[in-house]
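Enquirer: Take this structure first; my questions come after.
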Amino acid sequence: MESTKFDLDDYRKLLKEYLITKDESALYQAEQFSRLSVQHKVSPEEIIQIHIEALQSLYPELPREISESLNFLLETMISYGLALQENEYLREKQSELESEISVAANMQKTLLSTVKPTIPGLDIGAISVPASTMNGDYYHFVTNKEGELGVALADVIGKGIPAALAMSMIKYAMDGYTKHHRKPQDILEDLNRVVERNIEPGMFITMFYGKYRPKEETFSYASAGHEPCFYYHRDRGEFEEIVAPGLVLGVKEDVTYQPFARKVKKGDCLILLTDGVTECRIGDRFIEREEILEVIESYIDLPAQEAVEKVFRYFEALQDFQLADDFTLIIIKKNV
């Protein structure tokens, strides 16, 4: 081909000039030749082949070892070229996947967004930060005309896009259930049937659902295998674990959940969280639960939103800004 013949003649002249004169201007011209080769999509092995042919035409009596070594180099560069093409293809696919995941993550934020309500007598703070692009945690607030507050907190056992899709399913199922005066245990039982029928085997969801009734000053709740939450007694400066046994969502179809309820005193707090809070790690060491509660208590007198943000920043810095798991924390304070 004319272009190949031109490249060979041109390269042979450059090579001869450099071997005779050692002039660096020839190196500069060789650099320009390389740029031109890139523009014409000449592969590395083709350049090696051009070099071999140019060298053989200049020195027909090359020692056998030199000729064989050049052939060895050519075979090596052929393998290199194939590996380079494969790597570039994989990088393009990875870039496309990252772009798609970014779009999915933004859609997830929109789909699962919730408005933190204003409830007379309560101060509410909430934060949820994913460990990676997609969030496997989910929280949601619901209110009604009676001023009651419903709060859901869930964690998918499994991450990535499947977890995000499972959370979207939970969210839209809840939109229908919570518009009515449903008890927390009834909501979990209905959601369990939805999850069991629609998510893939091996994926489960833990969930806590509670409802605060301001007239009775009570918090009723039920749990589907979710991380134990806490009740903070302000007068004693003590945390009490909110224990609510229950099977995780999606294991089997017919499951009943036990209802629980408690009075909420003025100044006290409900601390709702996922295991990304209680299982924070420094290297291979899990942070002790007592230390976690001490950190929460140190900020408990701040406005609730400021408190959850400061708790998050503390543990984020403690983990060298690399979260091991999704971090979700909700503080509901009953004003004095």
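Where a number appears in this text, it was derived from the coordinates with a stated rule and is not lab data. Everything numeric here is computed off the predicted structure, so don't read it as measured data. Note that each Cβ is placed from the backbone with ideal geometry, even for glycine, and that neighbours are counted across all protein chains shown.
Enquirer: Write down Rg/Rh for the chain, rounded to two decimals, with Rg from the C-alpha atoms and Rh from the Kirkwood relation over Cα pairs. It would help to have the intermediate numbers written out before the result.
Expert: Working: Rg = 32.4 Å, Rh = 24.7 Å.
Looking at the chain, the ratio lands at 1.31.
Enquirer: On full extension of the chain, what length is gained from ARG236 through GLU53, given 0.36 nm per residue of separation minus the C-alpha to C-alpha distance?
Expert: 57.0 nm
Enquirer: To the nearest 0.05, what FRET efficiency results for GLU24 and GLU196 with a Förster distance of 51 Å applied to their C-beta separation?
Expert: 0.10
Enquirer: Taking K and R as +1 and D and E as -1, what net charge do the other residues with C-beta under 12 Å from the C-beta of ILE300 add up to?
Expert: Details: positive: ARG234, LYS310, LYS333; negative: ASP123, GLU238, ASP268, GLU294, GLU297, ASP301, GLU306.
Around ILE300, the surrounding residues sum to -4.
Enquirer: Which of the peptides 309-321, 188-200, 57-69 is most tightly packed, and how do the rest follow, going by the mean number of other Cβ atoms within 10 Å of each residue?
Expert: 188-200, 309-321, 57-69
Enquirer: Separation between the LYS16 and SER79 pseudo-spin-labels, each 7 Å from Cα along Cα→Cβ, expressed in nm?
Expert: Roughly 3.5 nm, to one decimal.
Enquirer: Under the classification rounded if a/c is under 1.5, otherwise prolate if a/b is larger than b/c and oblate if not, where does region 2-90 fall, given a ≥ b ≥ c as square roots of the Cα gyration tensor eigenvalues?
Expert: The shape class here is oblate.
Enquirer: If you take the beta carbon distance between GLU146 and PHE321 as r and set R0 to 45 Å, what does 1/(1 + (r/R0)^6) give as a FRET efficiency, to the nearest 0.05?
Expert: Step by step, r from the Cβ atoms, then E = 0.60.
Enquirer: For the pair SER168 and SER34, how long in nm is the line joining their label points, each one 7 Å along Cα→Cβ?
Expert: 4.7
Enquirer: Given the Cα-Cα distance of ARG281 and LEU97 and 0.36 nm per residue of separation, how much length would full extension add, in nm? Provide the component values of the computation, followed by the final result.
Expert: Details: separation 184, 0.36 × 184 = 66.24 nm, distance 2.94 nm.
Once the chain is fully extended between ARG281 and LEU97, it gains 63.3 nm.
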